[in-house]
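Please treat every number below as a calculation from the coordinates, not as lab data. Please read these numbers as outputs of a predicted model, since none were measured by experiment. As a convention, Cβ positions derive from the backbone with ideal geometry for all residues, glycine included, and neighbour counts pool all protein chains shown.
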Amino acid sequence: MKKIVLIDDHDTFRAGLRQLIEKHSDFQVAGEGADARQGEEAVRDIRPDIAVIDLSLPDKSGIQLTRILRSAVPETRIIIVSMHSKIDYIMGALRAGAIGYIIKESVSGCLHLSLIHI
């Protein structure tokens with residue numbers, strides 16, 4: 001079973017993601033964070049297979065957090081989720097070390113496909 005940490009400042013969005021993920025027996029939401037600090041702690045403690053990180057967090061950007069986590073826990077794969085679809089954001093996330101970037105309005109269909117290929 002692959003462990004996932006969700007990092008997003010919107011409780012409702014995290015709850016929805018958790019429900020989508022937990023429909024699949026191969027995945028378990030092992031931790032959550034409402035900001036970069038909580039998310040970083042969860043990833044360092046849990047060492048999940050996957051971290052799903054919001055691009056816009058209240059204390060750091062998801063891109064900054066991705067750089068930190070790629071250095072600290074390189075085995076954790078990172079997927080960025082965002083409401084922003086500009087190529088600059090997408091390229092910034094990928095350059096920071098994310099393996100994927102999902103637009104929030106299409107998350108229900110794309111997240112399932114992304115997790116299957118990880």
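Observations on the model:
- Counting DSSP beta bridges with both ends in the stretch 1-77, the antiparallel % (nearest 5): 10 percent
- Helical runs (DSSP H, four residues minimum) scored at -39500 (n - 2.57) apiece and divided by the length of the chain put the mean residue ellipticity at 222 nm at -14000 deg cm²/dmol.
- Look at the dipole of the chain built from charges on Cβ: of Pro74, Gln19, Val52, the Cα furthest out on the positive end belongs to Pro74.
- Across the stretch 30-46, rounded Karplus estimates of 3J(HN,Hα) from the backbone phi angles (6.51 cos²θ - 1.76 cosθ + 1.60, θ = phi - 60°) give 9, x, 8, x, 9, 8, 5, 4, 5, x, 4, 4, 4, 5, 5, 6, 8 Hz, Gly and Pro being marked x.
- Fully extended contour minus Cα-Cα distance, from Leu94 to Ile46, at 0.36 nm per residue: 15.0 nm
- Pair Met83, Glu105: separation of 7 Å Cα→Cβ label points (nm): 1.1 nm
- Using only side-chain charges placed at the Cβ, +1 for Lys and Arg and -1 for Asp and Glu, the dipole size of the chain relative to its Cα centre rounds to 340 debye.
- Cα shape, the stretch 1-53, gyration tensor, a/c 1.5 rule: oblate
- 14 Å beta-carbon shell around Glu22, net charge (K/R +1, D/E -1): +3
- Matching label, Rg/Rh (Cα atoms, Kirkwood Rh) computed from the structure shown, candidates [x] 0.91; [y] 1.01; [z] 1.13: [x]
- Vicinal HN-Hα couplings computed from phi for the stretch 82-97 (Karplus, 6.51 cos²θ - 1.76 cosθ + 1.60; Hz; Gly/Pro x): 7, 8, 8, 10, 5, 4, 4, 5, 4, 5, x, 5, 5, 5, 6, x
- The phi torsions of the stretch 7-22, fed into the Karplus equation with coefficients 6.51, -1.76 and 1.60 and a -60° offset, translate into couplings of 10, 7, 7, 9, 4, 5, 5, 4, 4, x, 4, 4, 4, 4, 5, 6 Hz, rounded to whole numbers, with Gly and Pro shown as x.
- Relative contact order of the chain: 22 percent, from C-alpha pairs under 8 Å at least 6 residues apart in sequence.
- Once backbone amide H atoms are built at 1.01 Å from N, Val81 has Ile53, Asp54, Leu55, Ile102 as its partners under 5 Å, excluding neighbours fewer than 5 places away on the same chain.
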